[in-house]
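Okay, structure first, notes after.
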Amino acid sequence: MKYFILFIFSFSTLHLYAQHKDIPVTAEFVITGAVNKEITFRIADIAAMKQDVIGDVVLHGHKTDTAKQMKGVPLKDMIDSAGIKAGDHKAYNSFVIILTASDGYKNVYSWNELFNTDIGNRVYIITEMNGKTMDQMPDRIAVYSLADAFTGRRHMVGLAKIEVKQL
């Protein structure tokens, strides 16, 4: 009985850890907050940026799936475009980057996580996947953190805003 209750509890809380279905797609997002200049990135702007070839990736979320022929723009490249307002180099330790989707779902990264670890080299705004460009993707604008043990935890679709905030 104890294991049955644990099993039911595990499934009843899954919705707390991932974004739900039927998220309104987005065609742009804004970088705002403690930045040198607020920037709005539209699909055409993102598509014009240097893209990394990611390849085929096994995605872990509600179900395990393989995304084929992925390409993307590193999130940190976009944040660099806006520039972070930091008084000195030590101030960067107190910054967080908050991603918000069109349905209110949020993901949070620290500045150090994005700019001082391998995780930051593997967080992408997805520009191509499964033979579709960003403007054709049914879940645009998508963000994947591919260095995470479980990619579904910080998988986001419908990116609407990135806020840089100093704590």
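Here, each number is a calculation from the coordinates, and none is a lab measurement. The shown structure was predicted, so the numbers you read here are calculated from the model rather than taken from an experiment. Methodologically, a virtual Cβ is constructed for each residue, glycine included, from the backbone with ideal geometry; neighbour enumeration extends over all protein chains shown.
What nm value, rounded to one decimal, do you get for the distance between Asn116 and Asn36 when each label is placed 7 Å out toward the C-beta?
Between Asn116 and Asn36, the label points sit 2.1 nm apart.
Using per-residue counts of other Cβ atoms within 10 Å, averaged over each peptide, order 84-92, 44-52, 147-155 from highest down.
Packing proxy ranking, top to bottom: 147-155, 44-52, 84-92.
Tell me, how many Å apart are the Cα centres for segment 122-137 and for segment 61-96?
Here the answer is 16 Å between Cα centres.
Which ³J(HN,Hα) values, rounded to whole Hz and listed in residue order, are derived for segment 109-119 from phi using the Karplus coefficients 6.51, -1.76 and 1.60 in 6.51 cos²θ - 1.76 cosθ + 1.60 with θ = phi - 60°, glycine and proline given as x?
10, 8, 4, 4, 4, 7, 9, 10, 9, 5, 4
Using the Karplus equation 6.51 cos²θ - 1.76 cosθ + 1.60 (θ = phi - 60°), what ³J(HN,Hα) coupling, rounded to whole Hz, does each residue of segment 151-167 give in order, writing x for Gly and Pro?
Working through the residues one at a time gives 5, x, 4, 10, 5, 9, 10, x, 3, 10, 8, 10, 10, 9, 9, 9, 8 Hz.
Hey, what's the per residue convex hull volume over the C-alpha atoms of the chain, in cubic angstrom?
Each residue corresponds to 126 Å³ of Cα convex hull volume.
Quick check on segment 58-134: take the gyration tensor over C-alpha atoms, sort the square-rooted eigenvalues as a ≥ b ≥ c, and tell me if it's rounded (a/c under 1.5), prolate or oblate.
The shape class here is prolate.
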